[in-house]
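The values are calculated or read from the model by the stated rules, or taken from the named source; none is laboratory data. The model shown is predicted, which means the values in this text are computed figures rather than measured ones. Virtual Cβ from ideal backbone geometry, glycine too; neighbours counted across all protein chains shown.
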Amino acid sequence: MSWIKYALKRLLMLIPVILCVTLILYTILSLAPNGLARQKLGQDASEEQIYALEEEMGLHDPIIVRYVKYMAGVCRLDFGVSWINSNNVLNEFAHRLPYTLLIAVLSVLFAVGVGVPLGIFSAIKQYSLFDYGSTFVAMLLFSMPAFWLGTMCQLLFCVTLGLLPVAGDKTWTCFILPPLILGANTLASMIRMSRTSMLDVIKQDYIRTARSKGAAEGAVILRHAMRNSLIPVITQVGICFAGAIGGAVVTESIFGINGVGMLLINAVKSRDVPIVMGTVIFVTIIVGVINLIVDLICAVIDPRIDLAS
């Protein structure tokens, strides 16, 4: 039952994190120059109309009062409505979340499925031509910004060759290039992390002992080295998945996918506070849950990890 207590403890720790993040964000958004009422009513609106709308939106209350009222609504699962189009925040997020999760999951699967075997094989064949080649690929991918790589691949595969759609999210072909672009940087991290971790493990005394007892090299790698080397790799996977959720902002903007990233960036541009706040809260919870799942998986792989402590 220790893992249940650990999970509950970690979930409770999300509460102060959410409070700190949302308070800072709400304060920053509230201190920005105010022009939302005029933006919504148009330039022809009178001062009385603007004042009435600002009063309705609660913009005349002190920041801390507005924040407390907002968080009280969040506790009732009421995230409010958009200040721009009056859409329900919870419904808007639920509608766009599957697109972002699909891109993030596919990007991490691509990075792990390709990067971990490359890194492990590079460690086994250290200082070989394959090792140098995979290290070069990792450094190359790691140095490429996602917006530049996405634009170049879009021009090549979509515009020049016409193999994939330029933008959109209506067909399955729209979700081929975005995960590859989003997972390129993660792929580089997986290659480097799995190679480094495997190199550390195969130099341990118990690996030399297994070899001296006559165990086959394949059995030594699969049964002894690989399992122990996966702990830091799985931890890195959790970090990369959380980064993929945030990195979807750039990828969705490039490929015109109506996911959480596009929702957030449009809300920030228009200072749509309920959308920004709701999105940040949801993403914070998702990242916290992902990190919790990663810790539990590490405990399953390595029984020496004591969650109770």
T235 being crowded, with 24+ Cβ neighbours inside 10 Å and under 21 Å from A111 (Cβ atoms): no
Residue in region 133-150 that is farthest from G256 (Cα to Cα), counting only those that are within 21 Å of the chain's Cα centre (by Cα) and exposed (fewer than 13 other Cβ atoms within 10 Å of the Cβ): S143
S212 buried (at least 21 other Cβ atoms within 10 Å of the Cβ), within 30 Å of Y127 (Cα to Cα) and at pLDDT 75 or above: no
Wholly enclosed helices (runs of 4 or more DSSP H) of region 146-236 bearing at least 2 residues of a type in the set (A, V, I, L, M, F, W, C) and within 20 Å of V114 (Cβ to Cβ): 146-153, 177-202
Tabulated pairs, region 271-296, first farther than 19 Å from S30 by Cβ, second outside any helix (DSSP H, G or I) and not basic (K, R), C-beta under 9 angstrom, 6+ apart or interchain: F282/F79; D295/I305; D295/L307; L296/L307
Contacts under 7 angstrom Cβ, first residue in region 48-62 being free of Cβ contacts under 8 Å to residues at least 60 places away in the same chain, partner among the aromatic types (F, W, Y) and not in a helix (DSSP H, G or I), 6 or more apart: M57/W83
Close pairs from region 151-178: first more than 14 Å from G256 (Cβ to Cβ), partner hydroxyl-bearing (S, T, Y) and surrounded by fewer than 16 Cβ atoms within 10 Å (Cβ to Cβ), Cβ under 9 Å, at least 6 apart: L163/T173
Residue check for S229: surrounded by 19 or more Cβ atoms within 10 Å (Cβ to Cβ) and modelled with pLDDT under 80: yes
Evaluation of E56 against (1) modelled with pLDDT of 75 or more; (2) not in a loop (DSSP other than H, G, I, E, B) (one fails), failing number: (1)
Check on F130, surrounded by fewer than 18 Cβ atoms within 10 Å (Cβ to Cβ), touching a helix residue (DSSP H, G or I) at 6+ places or on another chain (Cβ under 8 Å), at pLDDT 90 or above and not hydroxyl-bearing (S, T, Y): yes
